[in-house]
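One structure is given below, encoded as structure tokens.
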Amino acid sequence: MLAATSLFAGMDALAKLLMAADYSVVQVLFFRAAFGLLPLVPLVWRGGLRSVATQRPWTHVIRSTIALVAVGCFFQAIHRLPLAQVTAIGFAAPLLITALSVPLLKEHVSLGRWLAVAAGFGGILLVAGPEAWAGDLLGLGAALAVAGTFLYALVIVLMRVMGRTEAAVTTVFWFSVLTMILCGAALPLVWRTPDTQAWGLFAATGILGGIAQLLISQAVRLAPASLVAPFDYFHIVVSASLGWLLFSEIPTLNTLAGALVVMASGLYVLRSDKGR
């Protein structure tokens, strides 16, 4: 899980570099998916086409479309906001999963967990800061980060249901293929021929993301989700470090304080999940 979160932070930083060089988010998403298939090649080669066969094609279409929009929102957010700020907002995903599990999975949520969810949302407001909701581009960045977090939580809830019949390699494979199809349709409208450096960044973005997805699936397979999930909070350490090194971004006190509130709320929810 520590390796996966580090690779995802690296992927985010590379995507930010590409968009700073005026490459469209559609082009970044397309190559993120295309090169993200490379880590799957050994698994598909060993297991054959049966390893990516699915019993629920339309569920994959729905899940992949939502996930694509979520990643697009996150990439657009990190283009406008510091990496650490977007990462901290994304930490609200476990809280949103808790909220969504009631109507979608018919799960019972205790009063304590609802209070933790409310506190976590307060932490998001603190992370963003009052200036992030002023309606300018920075406000759009915060809104995109929140939208991406909500959609990501919805994807995780769908994966809980899909996990009964679908292997991790199947889910990653179809997400990449469907992303290439959807983004490929719009690619001619935004295409910009990459130079040698950009090709390297595109390749690294996809490969890091593909490996990270597989590592998270392996982490959850080797240990309970409630045990490995807290290690995802290491993401903000790597994001803040990369933001400082590559973009001269220094996290504000609002970001750090809000991140602590969101993390504490998420840990409470995970601990209460474990205790049920």
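The values are calculated or read from the model by the stated rules, or taken from the named source; none is laboratory data. These numbers were taken from a predicted model, which means no experiment stands behind them. All Cβ positions, even for glycine, are placed from backbone atoms using ideal geometry, and neighbour counts span all protein chains on display. Note: areas computed on protein heavy atoms with side chains; ligands, DNA, RNA excluded. Shrake-Rupley method; radii C 1.70, N 1.55, O 1.52, S 1.80 Å.
Identify, among His60, Val25, His79, the residue whose Cα sits farthest towards the positive end of the charge dipole of the chain, taking +1 on the Cβ of Lys and Arg and -1 on the Cβ of Asp and Glu, with the dipole about the Cα centre.
The one lying farthest along the dipole's positive direction is His60.
Subtracting the Cα-Cα distance from 0.36 nm times the residue separation, let me have the gained length for Thr193 to Val44 in nm, one decimal.
So the extension gain works out to 50.6 nm.
Solvent-accessible area of Asp195, probe 1.4 Å, all protein chains present, reported in Å² to the nearest ten, please.
80 Å²
For region 1-53, what class follows from the C-alpha gyration tensor (a ≥ b ≥ c being the square roots of its eigenvalues): rounded when a/c is under 1.5, otherwise prolate if a/b is larger than b/c, else oblate?
Note, shape of region 1-53 comes out oblate.
Please compute the length gained on full extension between Ser51 and Gln218, using 0.36 nm multiplied by the number of residues separating them and subtracting their Cα-Cα distance.
58.6 nm
Over region 162-276, calculate the relative contact order: mean separation of alpha carbon pairs under 8 Å at least 6 apart, over the residue count, as a percent.
The value is 26 percent.
Could I have the simple spin-label model distance between Ile62 and Ser248, label points 7 Å from Cα toward Cβ, reported in nm to one decimal?
In this crude label model, Ile62 to Ser248 measures out at 4.8 nm.
Find the relative contact order for the chain and round it to a whole percent, using C-alpha pairs within less than 8 Å whose residues are 6+ positions apart.
Relative CO of the chain lands at 43 percent.
Give me the distance in nm between label points sitting 7 Å out from Cα along the Cα-to-Cβ direction at Leu115 and Leu2, one decimal.
3.4 nm
Heavy atoms only, probe 1.4 Å: what % of the accessible area of the chain goes to carbon and sulfur, would you let me know?
Carbon plus sulfur share of accessible area: 72 percent.
At 1.4 Å probe size, with every protein chain present, just tell me what the per residue accessible area of the chain comes to in Å².
Here the residues of the chain average 48 Å² of exposed surface.
How much solvent-accessible surface does Ile62 expose, in Å² to the nearest 10, with a 1.4 Å probe and all protein chains in place?
The value for Ile62 is about 100 Å².
Given axes a ≥ b ≥ c from the Cα gyration tensor, I'd like to know whether the chain is rounded (a/c under 1.5), prolate (a/b larger than b/c) or oblate.
It comes out oblate by the Cα gyration axes.
Taking θ = phi - 60°, what integer Hz values does the Karplus form 6.51 cos²θ - 1.76 cosθ + 1.60 yield along region 167-177, in sequence order, with x for Gly and Pro?
In residue order, the calculated couplings are 7, 4, 4, 5, 5, 5, 4, 6, 4, 5, 5 Hz.
Taking the highest mean first, how do the peptides 23-30, 38-45 order by number of other beta carbon atoms within 10 angstrom per residue?
Working: 23-30: 21.4, 38-45: 14.4.
Averaged packing, sorted descending, gives the order 23-30, 38-45.
Using Cα pairs closer than 8 Å and at least 6 residues apart in sequence, work out the relative contact order for region 33-134, in percent.
21 percent
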